[in-house]
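See below for the structure under consideration.
The values are calculated or read from the model by the stated rules, or taken from the named source; none is laboratory data. All of these numbers come straight from a predicted model, not from anything done at the bench. Please note: Cβ atoms are built from the backbone with ideal geometry, for glycine as well, and neighbour counts cover all protein chains shown.
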Amino acid sequence: MPASARTLLRLVLLVQLAAALLVAWALLHRGVPAWGALLAGAGAVVVVRFAINMNNFVMAARAASHTPPEYRLGPAARLRMLAEEFRASMLVTSWHVPRGCARMSLHLDSGRVPVLLVHGYGCNSGFWAHLEPLLDRERISHATIDLEPVAGSIDDYAPLIEARVQALCAATGAAQIAIVAHSMGGLAARAWMRSYGSARVARLITLGTPHHGTVLANLGLGENAAQMRRDSAWLRDLAAGETQDVRARIVSIYTYHDNIVAPQDSSILPGARTIAFGGVGHVALGSNPRVLAEVLRVLREVQPAMA
């Protein structure tokens, strides 16, 4: 497997292009006009991608935790959620991640706590394409990171996070940062705190992080996927080493309709603050306006501590 998500997803896109052209070629030889054959080829790829996305919802529903009545969805709301999640997944995997790379944006006179953005499994910095402009609008210095190798151990990401934290603190003069982490990124941030301490963390905001694992990790590739299986030894060891002070720094944002983290209450971490949403899928947590507004609201609560 390629070391970077960018390379991996570019290869996946090439395979999808080849599949679309193969379908189009077959239809051309059956007398279908060129424009119709090409359209059908592209449509076939989209249909397969949609089927994979919907299958995730089906598998997650089989292992779902209890959904309170106020978060249950009617048919229209469910369709909107499915459409939003499919759109988010297509954009992230077909556009943002294949073009993504780690970067830093500085607003040195803002007085706001800088933010490190940590992506999840199979992604890179491109995942944060929707949140980064909002941080710039609020004049919040921030940096992204690419966790590589893509299928490596979560523990091995800790030195990468440490180097990025040091760089962000050096660039801004901040003694503390906030971290916003999606999915596996939340576990990577917790693993980093286990190795390097939590004194520099003003707040860790996790989005759809499987703090107790997910049944869908059984289908994943790599050591990191194995570590995210339900109540794995790695997850138990991570939790055992955390103090009340560490947990008090964590805000866990999750959705009752997560199609990757199942059961969904795996995102509830004892001792951490929990904020629940409904009608949002896993990938869409990084682009849904309601969720991003909540992330910004939590960041506004964080008071800066300068070195």
Original post:
residue 279 is checked against (1) on the phi > 0 side of the Ramachandran plot; (2) touching a Pro at 6+ places or on another chain (Cβ under 6 Å) and fails just one. What number does that condition carry?
Top reply: (2)
**OP:** Just one of (1) in a helix (DSSP H, G or I); (2) buried (at least 21 other Cβ atoms within 10 Å of the Cβ) trips up residue 113, so point out which.
**Re:** (1)
Original post:
Is it the case that residue 198 is small (Gly, Ala, Ser), more than 14 Å from the chain's Cα centre (by Cα) and buried (at least 24 other Cβ atoms within 10 Å of the Cβ)?
Top reply: no
Original post:
Under 9 Å by Cβ, and 6 or more places apart or on different chains, what pairs join a residue from the stretch 145-156 that is without any contact (Cβ under 8 Å) to a residue 12 or more places away in the chain with one that is assigned to a loop (DSSP other than H, G, I, E, B) and surrounded by fewer than 18 Cβ atoms within 10 Å (Cβ to Cβ)?
Top reply: 156/149
**OP:** Mind listing just one residue for me: the one in the stretch 63-101 that is in contact with a strand residue (DSSP E or B) (Cβ under 9 Å, 6 or more places away or on another chain) and not in a helix (DSSP H, G or I) and, of those, nearest to residue 51 (Cα to Cα)?
**Re:** 100
**OP:** Scan the stretch 248-267 and give yes if some residue there is surrounded by fewer than 18 Cβ atoms within 10 Å (Cβ to Cβ), over 19 Å from residue 152 (Cα atoms) and basic (Lys, Arg), otherwise no.
**Re:** no
Original post:
Of the conditions (1) over 15 Å from the mean Cα position of the chain (by Cα); (2) part of a loop (DSSP other than H, G, I, E, B), residue 143 fails just one. Which one is it?
Top reply: (2)
Subject >> Residue selected from the stretch 1-60 under the condition within 27 Å of the chain's Cα centre (by Cα) and either part of a loop (DSSP other than H, G, I, E, B) or on the phi > 0 side of the Ramachandran plot (or both), by the criterion modelled with the highest pLDDT >> reply: 4
